[in-house]
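Coordinate-derived values only; no laboratory data. Note that the coordinates shown come from a computational prediction; the quantities given were computed from them, not determined experimentally. Positions of Cβ are generated from backbone atoms using ideal geometry, with glycine treated the same way; all protein chains shown enter the neighbour counts.
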Amino acid sequence: YLLYPILFRRGECFGLSDISLNRRDTMNLYDQDFYQWTQEQASLLKIGALSQLDVGNLIEEVESMGKSQKKELISRLTVLLMHLLKWNYQTERRSRSWELTIKAQRIQIRRHISENPSLKAMLLNAVDQAYEVATISAAAETGLPESAFPDACPYTIQQIMGE
């Protein structure tokens, strides 16, 4: 039986008892080999070696993970809203591609919210952020002036999600 978890570092195996991680080593590793840093932090967490954790960078990464989930929601909403605008403002150019993009984005947004339910509370704000960029993108793709689109999102959440 192994008494200590094994860490892999630069092609070698170490038990945690065989290496000493000081804060400077951990912070350097964060900057030099992010993947290895994540593996070492996970190992330290698993054995409860909390005093050896790179707490500052861990906090930054956890916060960043949350932000990336919100950014993904906004990004998907931007694509969806742009295609809804094109669908409604260039009816003569509607295509199967636009239709399938709308359908795919709706599915992906539903899944993303299902996996991150707290994002549902941010949906209205995310739509506002996404709509601002969606109008610029729709104008670029349609050749219509930005002023052709409403200043505020004309769709309800239900319309956006096709419900």
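Quick notes on this one:
- Among the conditions (1) closer than 30 Å to Phe34 by Cβ; (2) exposed (fewer than 14 other Cβ atoms within 10 Å of the Cβ), Ile113 misses just one, which is (2).
Yes or no, residue by residue, for (1) touching a residue at least 24 places away in the same chain (Cβ under 8 Å); (2) touching a Cys at 6+ places or on another chain (Cβ under 8 Å):
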site	(1), (2)
Trp87	no, no
Arg110	yes, no
Pro117	no, no
Lys120	no, no
Tyr131	yes, yes
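- The residue that is nearest to Leu81 (Cα to Cα), counting only those in the range 133-150 that are of a type in the set (Ser, Thr, Tyr) and in contact (Cβ under 8 Å) with a residue 24 or more places away in the chain, is Thr135.
- Here Lys46 qualifies as out of contact with any helix residue (DSSP H, G or I) (no Cβ under 7 Å at 6 or more places or on another chain) and in contact (Cβ under 8 Å) with a residue 40 or more places away in the chain.
- The range 90-110, residues that are over 23 Å from the mean Cα position of the chain (by Cα) and buried (at least 16 other Cβ atoms within 10 Å of the Cβ): Gln90, Trp98
- When Cys153 is tested against the conditions (1) farther than 30 Å from Thr38 by Cβ; (2) free of Cβ contacts under 8 Å to residues at least 40 places away in the same chain, the lone failure is (2).
- Summed over the range 51-68, residues that are surrounded by 15 or more Cβ atoms within 10 Å (Cβ to Cβ) and polar (S, T, N, Q) total 2.
- Just one residue in the set Val62, Val79 is out of contact with any strand residue (DSSP E or B) (no Cβ under 7 Å at 6 or more places or on another chain) and closer than 25 Å to Ala139 by Cβ; that residue is Val79.
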